[in-house]
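Below: one structure, written as structure tokens.
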Amino acid sequence: MITTSQPQDWKDLQNKVSVILKQCGFKVETEKTTETARGKVELDVYAEETIKGRKYSIVCECKYWKLNIPQNVVHGFRTILNDLGCNLGYVITTSDFQIGSINTSEYTNVELLTWENFQVLFFESWYESYFSPQIAEHLDPLLTYSEPILPKWFGKMSSEDKTAYFGLKDKYDLFGWIIMSFTPYARIINKDSIPTLPLYDRVKENKEVIDRIPEALLREKGYTEFLEKCYEFGDNAVSEFRYFRDKYSENKSDE
């Protein structure tokens, strides 16, 4: 799941859909007013991406409803899509769809999605376009410190500080190696493999991992929330390493 956070109202659902599409690389507009042959219409979410010079456009109709979506909603939305000439439309709901809606959408360019199914549909694109590059970029300093090669300024350190530095590596290297599995570099090697969450189920028998990485991070099921927890834990780790870098390196950009 991209996020375990549930929409709180229609506006929140619209915003969450917009954010995910932006992070997938789309150019996104919310509450876009546009002209059709039948007059003005307001689109909850309008998104475009360009693939090899060809524009691809989608429209999302967001429904924060407790009742299942009736077929007249699909009929109206399909008419708007046809008038605009968009490639695809999604009706995204926090409830579900009546059988008439499902039948009406067949053989059309309208797809009916629950909030959870929307996330599933865009997950791989979101992971490759946003999550994986972000975790690599933000935590790149920690990945550097997790490498076997010691920094250039290591030789200047006192014996006491070298011992403390190796203590940090012992504390954080496992986290760095785990994070590496989420980066684009790992994706190049294992093209069909995206690490699943939560991590806890796979590492719970590994005492070293359990002792060194916060349990809340290991148990996180949402990739967005997992990313935030990685930032928090990783930023603290980098700051501890940089204490020694700043003490011994004249160039503060060195890691």
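Here the helices (runs of 4 or more DSSP H) wholly within the stretch 154-239 that include at least 3 residues being surrounded by 18 or more Cβ atoms within 10 Å (Cβ to Cβ) are 159-180. In the condition set (1) under 30 Å from V41 (Cα atoms); (2) open to solvent by 50 Å² or more (accessible area, probe 1.4 Å); (3) of a type in the set (G, A, S), G89 is compliant with all but (2).
Considering only the stretch 131-150, state which residues are open to solvent by less than 40 Å² (accessible area, probe 1.4 Å) and out of contact with any Cys (no Cβ under 8 Å at 6 or more places or on another chain). Scanning the stretch 131-150 gives F131, S132, A136, P141, L142, L143, Y145, S146.
Beta carbons closer than 9 Å, at least 6 apart along the sequence or on distinct chains, pair a first residue in the stretch 1-29 that is farther than 18 Å from K63 by Cα with a second that is part of a loop (DSSP other than H, G, I, E, B) and open to solvent by 40 Å² or more (accessible area, probe 1.4 Å) for M1/K221; T4/K221.
Would you mind stating whether Q134 is touching a residue at least 24 places away in the same chain (Cβ under 8 Å) and touching a Pro at 6+ places or on another chain (Cβ under 6 Å)? In short, no. Checking every residue in the stretch 24-33 against the condition of being more than 18 Å from R78 (Cβ to Cβ), assigned to a strand (DSSP E or B), open to solvent by 80 Å² or more (accessible area, probe 1.4 Å) and out of contact with any Ser or Thr (no Cβ under 7 Å at 6 or more places or on another chain) gives at least one match. For the stretch 103-125, enumerate the residues that are open to solvent by less than 70 Å² (accessible area, probe 1.4 Å), part of a helix (DSSP H, G or I) and free of Cβ contacts under 8 Å to residues at least 60 places away in the same chain. If the condition is that a residue be open to solvent by less than 70 Å² (accessible area, probe 1.4 Å), part of a helix (DSSP H, G or I) and free of Cβ contacts under 8 Å to residues at least 60 places away in the same chain, then T104, S105 are the ones that fit.
Checked against (1) touching a Gly at 6+ places or on another chain (Cβ under 8 Å); (2) open to solvent by 50 Å² or more (accessible area, probe 1.4 Å), N82 meets all criteria but (1).
Can you work out which of the residues in the stretch 34-56 that are modelled with pLDDT under 95 and buried (at least 16 other Cβ atoms within 10 Å of the Cβ) is nearest to S132 (Cα to Cα)? The qualifying residue nearest to S132 (Cα to Cα) is E49.
Taking the criterion of being of a type in the set (D, E, K, R), closer than 22 Å to W115 by Cβ and more than 21 Å from the chain's Cα centre (by Cα), the residues of the stretch 32-75 that qualify are K32, E42, D44, E61, K63, K66. Screening F118, F97 for residues that are in contact with a strand residue (DSSP E or B) (Cβ under 7 Å, 6 or more places away or on another chain), hydrophobic (A, V, I, L, M, F, W, C) and under 15 Å from V17 (Cα atoms) leaves exactly one candidate, F118. Could you tell me whether E128 is open to solvent by 60 Å² or more (accessible area, probe 1.4 Å), closer than 19 Å to Q23 by Cα and either in contact with a Leu (Cβ under 9 Å, 6 or more places away or on another chain) or in a helix (DSSP H, G or I) (or both)? Here the answer is yes, as E128 does meet what is asked.
The values are calculated or read from the model by the stated rules, or taken from the named source; none is laboratory data. Small disclaimer: the values here were computed from a predicted structure and weren't measured. Virtual Cβ from ideal backbone geometry, glycine too; neighbours counted across all protein chains shown. The area values use the complete protein model at the heavy-atom level, side chains included, leaving out ligands, DNA and RNA. Shrake-Rupley method; radii C 1.70, N 1.55, O 1.52, S 1.80 Å.
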